[in-house]
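Working notes for the structure below.
The values are calculated or read from the model by the stated rules, or taken from the named source; none is laboratory data. Remember, predicted model here, so these are calculated numbers, not experimental data. Here Cβ is always computed from backbone atoms with ideal geometry, including for glycine, and neighbour counts include all displayed protein chains.
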């Protein structure tokens, strides 16, 4: 079986990866599972939340993304990120300036979030065409005080912060700047590149969590908003009804997606946050988010039947919510 670019398909994870997990240890209370982007280990009266993600599709802001994308995973548990490790892999012949750029970006991002960089590894790697940064991040909380993407309940409202396709917009505007500059104004290109400033969801997640009524959170990375919704539904064994017109897409994202002929709902969306909320608290959550100047929209609800995954489009017509085979960023970059 030839694998597509990006994340390994869920069936391969279940058939291969999740069956090879080494020894069982009682401290591990949340281990590898579909749709859950971190592990939880109990140590004394604390729960340690740990997550890991690589940055492979971006170059210019790779260090910034490595910290923020990993920090987002911890925040979706309702936990503040604290400690960061990095593994920096560079192409042969890379210059010291590249190490400086990546390290400075990681430092700035980590300091902004109150995260300490505590270790890692850096090397030049034979056969590598572009730099890759793999991040591992940890957060601490009181024992058992967290949520996971598996906690959504039937009837929960689904809240999306910000807009779809944030990270993909920033990457394509940066890495394909010459191409899109031929069609877009300089202001439009620079606005799209500035989407990197929207990547963090730590404030989004902590604001929602402190409001109460949050049953699950998940940041839609590879596979975009559509993929992220499926991942919560898979983890929670639920169905969904999503209203397409309720999903905000920034004008810059819409234009870039039209140019590359890709779907904004299937474009990597770090910077947005999906929240599964008690219907009685959904309005409070959106109001508190907006009070922090964070755009928030109720885009649908979770359903009891796990095989019911519906996208409501114009005039009330419905179709199956698409499940991305591969993130549409890779489709765009391949062109």
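Within the range 91-129, restricting attention to residues that are under 16 Å from residue 62 (Cα atoms) and touching a helix residue (DSSP H, G or I) at 6+ places or on another chain (Cβ under 6 Å), the residue that is surrounded by the fewest Cβ atoms within 10 Å (Cβ to Cβ) is 117.
With respect to the stated conditions, residue 69 is under 30 Å from residue 176 (Cβ atoms) and touching a helix residue (DSSP H, G or I) at 6+ places or on another chain (Cβ under 9 Å).
Residue count for the range 155-171 under the criterion of being part of a loop (DSSP other than H, G, I, E, B) and either surrounded by fewer than 24 Cβ atoms within 10 Å (Cβ to Cβ) or not assigned by TED's automatic domain parsing to the domain that holds residue 256 (or both): the result is 2. Among the residues of the range 31-53, those that are surrounded by 15 or more Cβ atoms within 10 Å (Cβ to Cβ) and at pLDDT below 95 comprise 33, 34, 35, 36, 37, 38, 53.
Condition (residue is outside the structural domain of residue 61 (by TED's automatic domain parsing) and surrounded by fewer than 20 Cβ atoms within 10 Å (Cβ to Cβ)) applied to the range 196-205: is it met by at least one residue? Yes. Kindly evaluate residue 335 against the criterion of being crowded, with 18+ Cβ neighbours inside 10 Å, closer than 28 Å to residue 6 by Cα and more than 20 Å from the chain's Cα centre (by Cα). When the stated conditions are applied, residue 335 does not pass them. Yes or no: the range 11-24 includes at least one residue that is modelled with pLDDT under 95 and in contact with a helix residue (DSSP H, G or I) (Cβ under 8 Å, 6 or more places away or on another chain). No - not one qualifying residue is present in the range 11-24.
In the set 299, 294, only one residue is over 17 Å from the mean Cα position of the chain (by Cα), under 19 Å from residue 76 (Cβ atoms) and surrounded by 13 or more Cβ atoms within 10 Å (Cβ to Cβ); that residue is 299.
Is it the case that some residue within the range 180-192 is closer than 24 Å to residue 52 by Cα, in the same structural domain as residue 242 (by TED's automatic domain parsing) and surrounded by fewer than 24 Cβ atoms within 10 Å (Cβ to Cβ)? No, the range 180-192 has no match at all.
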